Amino acid sequence: MPGNDLQPVMLSVPLARRLRDSGLQWTAAPGDRFAIPDRGFEDRTFLVSDMVIEVRNVLGGRELAFNGTVEWALDAILEREVVWVPSESQLRELIGGDFVACYRDDDETYAVVARLGGIPRTFSAATAPDAYGSALLAILTS
């Protein structure tokens with residue numbers, strides 16, 4: 001049955017943290033994902049949304065409940081305390097005109113080609129988002 005296993009392949013949180021620490025700026029917007037490091041939530045991401053939808057098992061099937069908020073131990077957190085986990089399309093947009101190509105290098109590796117100082121360089125990783133993230137990190141730190 002479909003569920004959380006349908007989440008998109010995302011940038012790894014350690015690489016997202018390195019991007020943030022290298023100066024990548026973020027203004028939270030609906031649809032963005034983020035991680036909360038240092039509070040026991042390192043292994044999951046959260047989605048910025050205007051509304052929370054909860055799936056409930058009820059007599060006669062499953063319902064989608066529209067909730068204004070979900071109450072739990074963490075009611076709010078400052079934007080600067082979280083780590084933005086950009087999507088593959090957001091990473092490609094941030095690379096901008098320096099992006100050349102993305103392709104599957106082999107069965108286990110993706111490659112992103114981006115220009116650094118006008119010279120094409122290839123960045124490989126196990127996932128496409130991590131390959132994009134590595135290219136963006138090189139651009140930010142060059």
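Checking LEU94, LEU74, LEU140 one by one, the residue that is of a type in the set (A, V, I, L, M), modelled with pLDDT of 95 or more, under 22 Å from PHE34 (Cβ atoms) and open to solvent by less than 70 Å² (accessible area, probe 1.4 Å) is LEU140 and no other. How do the pairs read when you match residues in the range 83-106 that are over 26 Å from PRO30 (Cβ atoms) and assigned to a helix (DSSP H, G or I) with residues anywhere that are open to solvent by 70 Å² or more (accessible area, probe 1.4 Å) and modelled with pLDDT of 95 or more, using Cβ under 9 Å and keeping only pairs 6 or more apart or on different chains? So the pair list comes out as GLY97/ARG115; ASP98/ARG115. Of all residues in the range 57-71, those satisfying the criterion of being part of a strand (DSSP E or B) and modelled with pLDDT of 85 or more are ASN57, VAL58, GLY61, ARG62.
Of all residues in the range 103-127, those satisfying the criterion of being among the hydrophobic types (A, V, I, L, M, F, W, C) and crowded, with 20+ Cβ neighbours inside 10 Å are VAL112, ALA114, PHE123, ALA125.
If the condition is being open to solvent by less than 40 Å² (accessible area, probe 1.4 Å) and not in a loop (DSSP other than H, G, I, E, B), then the range 17-44 contributes LEU19, PHE34, ALA35, ILE36.
When each of ARG92, ARG104, ARG115 is tested for being charged (D, E, K, R) and touching an Asp or Glu at 6+ places or on another chain (Cβ under 7 Å), the lone residue that passes is ARG115.
Under 18 Å from the mean Cα position of the chain (by Cα) and within 26 Å of GLY31 (Cβ to Cβ): is that true of LEU137 in this structure? For LEU137, the condition - under 18 Å from the mean Cα position of the chain (by Cα) and within 26 Å of GLY31 (Cβ to Cβ) - is met. Against the list (1) free of Cβ contacts under 8 Å to residues at least 40 places away in the same chain; (2) touching a Cys at 6+ places or on another chain (Cβ under 9 Å), the condition ALA114 fails is (2).
The values are calculated or read from the model by the stated rules, or taken from the named source; none is laboratory data. Keep in mind the model is a prediction, meaning the values are calculated, not measured. Virtual Cβ from ideal backbone geometry, glycine too; neighbours counted across all protein chains shown. These area figures cover heavy atoms from the full protein model, side chains too; ligands, DNA and RNA do not enter into them. Shrake-Rupley method; radii C 1.70, N 1.55, O 1.52, S 1.80 Å.
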